[in-house]
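Heads up, the thing below is written out as structure tokens.
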Amino acid sequence: MALTPYQQQLHDRITAATEVTAPPAPWRPVGRGLIPVGGLLGIGFAVHPDTGHDLVLTVSSSGHGLFDAVTGEKLERAYDPEEDPDGPDLSCPGIGPVADVRIPVAGLWGGGLHTGARGGWGIEVISPEWPSHRVLMTTGPWTGEHGKDWHHIFHASWSEFRAAGFSPTGRTLAVATSSDLTLWTVA
């Protein structure tokens, strides 16, 4: 099926933006930016009951991990978790400080994360050169200038894309692939 002239122009503009740019201020990378998580299958968000920080639960082929989304620190690890994501909301039990919370997970099984956050931020996950996925971030239409009006913030070309989105608080942006987790925060 052929693209319309508008679709072709949009496709060409996005594929021409080969340079990955950092999200604009006030967003900043968490830790060193990339957290290795081998065999990553999905992620979900919770809030630390004591600090109020966003937490990211990772579900992988070797268990579950819990990361502080402000510092990047691994807080907890469950090598043999109670259960993997299940039910209509694809949730699983939390671990560590959120052990009493069921956490919805998005990734290989399906599900989804928030694609918009406070301040008008939004993301789109596209794959104009499938199977590579790109994550784009903007506060407006995609018709503006790359690096100014919209940003190509992640290019999943080395491992399989799993999920991308904002935490329910809107303070964390996460991108998960089969091999790693990348976080940005405004906290």
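The values are calculated or read from the model by the stated rules, or taken from the named source; none is laboratory data. Fair warning: this is a prediction, and the values are worked out from it, not measured in the lab. SASA here: full protein model, heavy atoms, side chains in, ligands and nucleic acids out. Shrake-Rupley method; radii C 1.70, N 1.55, O 1.52, S 1.80 Å.
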Suppose we keep only residues that are farther than 19 Å from G33 by Cα and among the β-branched types (V, I, T) within region 126-169. Which one would you say is modelled with the lowest pLDDT? T143
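The rows are residues; the columns are (1) within 20 Å of L10 (Cα to Cα); (2) open to solvent by 60 Å² or more (accessible area, probe 1.4 Å).
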site: G87; (1), (2): no, no
site: P97; (1), (2): no, no
site: T139; (1), (2): yes, yes
site: H151; (1), (2): yes, no
site: S157; (1), (2): no, yes
site: R162; (1), (2): no, no
site: V175; (1), (2): no, no
site: D180; (1), (2): no, no
If we keep just the residues of region 52-69 that are hydroxyl-bearing (S, T, Y) and either more than 19 Å from P36 (Cα to Cα) or not in a strand (DSSP E or B) (or both), which is most open to solvent (accessible area, probe 1.4 Å)? S61
So which residues in region 70-85 are open to solvent by less than 50 Å² (accessible area, probe 1.4 Å) and part of a strand (DSSP E or B), if there are any at all? A78
